[in-house]
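Remarks on the structure that follows.
The values are calculated or read from the model by the stated rules, or taken from the named source; none is laboratory data. Values in this document were obtained by computation on a predicted structure and should not be read as measured data. Counting neighbours? That spans all protein chains shown, and the Cβs are built from the backbone with ideal geometry, glycine included. Accessible surface is based on the protein model in full, side chains and every heavy atom, while ligands, DNA and RNA are left aside. Shrake-Rupley method; radii C 1.70, N 1.55, O 1.52, S 1.80 Å.
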Amino acid sequence: MTEKFDLQSYLTEGVESIVSDAVKATVTNPKESAFMLKFALSSKAASKKRKAYEKKGEHIPPFLIASITSECNLHCAGCYSRCNHATVDSEPVSQLTSAEWLKIFDEADELGISFILMAGGEPMLRRDIIESAGKKQNILFPIFTNGTFIDDKYFELFDKHRNLVPIMSLEGDKELTDRRRGNGIYERLTANMNEFSSRGLIFGASVTVTKSNYRQICSENFLNELADKGCKAVIFVEYVPVTEKSKELAPEDNEREYMKKELAILRKKHSEMVYISFPGDEKSSGGCVAAGRGFFHINSHGGAEPCPFSPYSDVNVKDTSLREAMHSPLFTALRNGDVLTDDHKGGCVLYEKRDLVESLIAKSNQH
């Protein structure tokens, strides 16, 4: 008989490992190290809250993804968010206000959610919300940004509130980054990195993993260059195809296995950096951790979605609490059914089985 996968233990160990790696990575930076040690205590307290809920039969995930705007200034090739019409050029209407986001952050803190990943669109366009997030010191806010709006005021904000950690997106070297993101973007990012380093501020990098760049982006050469610039975390996000044509770019088991082995070596050799792969090997993590198993997503208009790659919602946090949103009919059906643990080809089971997700939404809307 196979041993039952313990999701709570898996997530708790994962969070503790990330926090422990972050403490090691900041040991040479007194200001950052002091914050990370303090955050480690907050993270343990949050874990206790989640365990207490678990004992009562309610699962609270440690992560939340918050897309705080749907506006973006770049047109990256193959962007899933634009293809899903979740990102636009103009300033959107009916977005959540900074007060509404602060309410979400307050409730997340009370529930024991330790990490809120800020995304968009381009999140740096919402300085008001990022300033609100800075006040929530029990939560770490990695901010996934294209880096083009980082200015002196932002550098000052990051210095004052160490729980705000910019994660700048690149695709590998200059050629790969500019080809997907636009000319001059790589130079802008490296200039930002140099400025962060000179001010003693930590930052991370987010890299989209495709079949064409997976070897380069987990090579020692590439990662040493980032480390030399002061980068403390690299988040590898597997490319999720949004059209039939782009399927050939998506990593498969061979690429995923190669990266898993390389990252295991890098974690041992280079403790000065944190390496996170998303979604990574879902088989070893007991299936997909979206829909509130490990995280869920709030879009810029308040819709609670299983994942940014699965933009379906049957509840809005404008009308309900964050806690109630986690128990929406859609989330409950996904967690109680077999979809999240089903075998699948790519990195995202919900994208692959989107017809099934759409049918669950239709059922939810009928009630």
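Average projected area of the Cα convex hull of region 138-279, in nm²? Mean projected area of the Cα convex hull: 9.1 nm².
Of the peptides 324-334, 201-211, 355-365, the order by per-residue mean of other Cβ atoms within 10 Å, starting with the highest, comes out as 201-211, 324-334, 355-365. If R0 is 25 Å, the Cβ-Cβ spacing of LYS247 and SER219 corresponds to a FRET efficiency of close to 0.50. Per-residue packing, averaged as other Cβ atoms within 10 Å, sorts the ranges 217-229, 85-97 into the order 217-229, 85-97, beginning with the highest.
Of the residues PHE203, ASN146, ASN163, the one whose Cα sits farthest toward the positive end of the charge dipole of region 126-204, with +1 on the Cβ of Lys and Arg and -1 on the Cβ of Asp and Glu, is ASN163. Here the alpha carbons of the chain define both size measures, Rg and Dmax, at 19.3, 59 Å.
With springs only between Cα atoms under 10 Å, which of VAL19, VAL274, VAL27 fluctuates most in a Gaussian network model of the chain? Top of the fluctuation ranking is VAL27. Kirkwood analysis of the Cα pair distances in region 1-110 returns a hydrodynamic radius of 17.5 Å.
Share of carbon and sulfur in the accessible area of the chain stands at 52%, probe radius 1.4 Å.
Normalising the average separation of contacting C-alpha pairs (under 8 angstrom, six or more residues apart) by the number of residues puts the relative contact order of the chain at 17 percent.
What size of dipole, in debye to the nearest 20, comes out for region 167-300 about its Cα centre when the only charges are +1 on Lys and Arg C-beta atoms and -1 on Asp and Glu C-beta atoms? Please list the in-between numbers first.
Values: 20 positive and 20 negative charges, 54 e Å.
For this selection, approximately 260 debye.
Packing-based ranking of 156-167, 297-308 yields 297-308, 156-167, ordered from highest to lowest mean Cβ neighbour count within 10 Å. In percent, rounded to a whole number, the relative contact order of region 150-235 is 33, using alpha-carbon pairs under 8 Å and six or more apart.
At 15 angstrom or more along the helix axis (alpha-carbon based) and mean Kyte-Doolittle of -0.5 or higher, what helices does the chain contain? Whole DSSP H runs only.
Sorted by number, the helices that extend far enough and score high enough are 7-25, 98-111, 354-366.
Here the Debye sum runs over all C-alpha atoms of region 200-320 as equal scatterers in vacuum, and log10 of I(q)/I(0) at q = 0.09, 0.20, 0.22 Å⁻¹ comes out as -0.32, -1.16, -1.25. Distance from the Cα centroid of region 53-80 to that of region 119-198 is 17 Å (rounded to whole angstrom). Among the chymotrypsin sites (Phe, Trp or Tyr not before Pro) within region 1-78, those in coil by DSSP and having at most 12 neighbouring Cβ atoms inside 10 Å are PHE5. Averaged over its residues, the chain has an accessible area of 46 Å² per residue, based on protein heavy atoms and a 1.4 Å probe.
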